[in-house]
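Trainee: Dropping a structure here in C-alpha cells format, bear with me for questions.
The values are calculated or read from the model by the stated rules, or taken from the named source; none is laboratory data. Fair warning: this is a prediction, and the values are worked out from it, not measured in the lab. Note that each Cβ is placed from the backbone with ideal geometry, even for glycine, and that neighbours are counted across all protein chains shown. Heavy atoms of the whole protein, side chains included, go into the accessibility calculation; ligands, DNA and RNA do not. Shrake-Rupley method; radii C 1.70, N 1.55, O 1.52, S 1.80 Å.
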Amino acid sequence: MKIILPDPLSAYKKDKIIVPITLSNTGKKALFGINLTSLIAKDGIVKDGVKISFDKSYFSTLGVKKKENVTMTVEIDTEELGTYEITINATVKRPKYNDCLLY
C-alpha cells in the first residue's frame, strides 16, 4: 500500500488546512481492515495545539490496484512558529501490514 500526498504545505498561526490524500493498493492482494492514524511533532517532540482528522479513517477493504481518496484536515491552534512533521500511519489488519509516512 502507498500513501500519496501533495507537495509540502505551509500554514499560519490559528490556520486550518485541507490536504487531499490517496491510499493506493500497489500490492498483489486485497487489503482488509485499514485504519489511518496520525500525529504531529516539532523537533522530534509530539505537540499539542494541532489537531489532525480524516474525513474517513477506516476502510473495510481496498482491492488490488484500487485507490481511495481521503481528506486530512489540520487545525493549527498554536502560536509556536517552526517546521512541523506530520506522521500518517496506515495499519492493515489482513494481511498484516503497516505503512508510515513522514510528511
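Trainee: Sorting check: for 37-48, 68-79, which peptide has the highest mean count of neighbouring beta carbons within 10 Å, and how do the rest follow? Could you put the intermediate results ahead of the total?
Mentor: Working: 37-48: 12.3, 68-79: 14.7.
The packing order, highest mean first, is 68-79, 37-48.
Trainee: I need the peptides 84-90, 53-59 ranked by packing, meaning the mean over residues of other C-beta atoms within 10 angstrom, with the highest value on top.
Mentor: 84-90, 53-59
Trainee: Separate question: So how long is each side of the chain along the principal axes, counting just the alpha-carbon atoms, biggest first, in Å?
Mentor: Here the spans come out as 45, 22, 20 Å, largest first.
Trainee: Rounded to a whole number, what % of the accessible area of the chain do carbon and sulfur atoms account for, probe 1.4 Å? Write down the numbers at each step before the final one.
Mentor: Values: 3440 of 6640 Å².
Carbon with sulfur: 52 percent of the solvent-accessible area.
Trainee: What lysines sit close enough to LYS29 to cross-link, taking a C-alpha to C-alpha distance under 29 Å and skipping anything fewer than 8 places away on the same chain?
Mentor: The reachable lysines, counting only those whose Cα sits under 29 Å from LYS29, are LYS2, LYS56, LYS65, LYS66, LYS67, LYS93, LYS96.
Trainee: Label ILE17 and GLU68 with points 7 Å out from Cα along Cα→Cβ: what is the distance between them in nm?
Mentor: 2.4 nm
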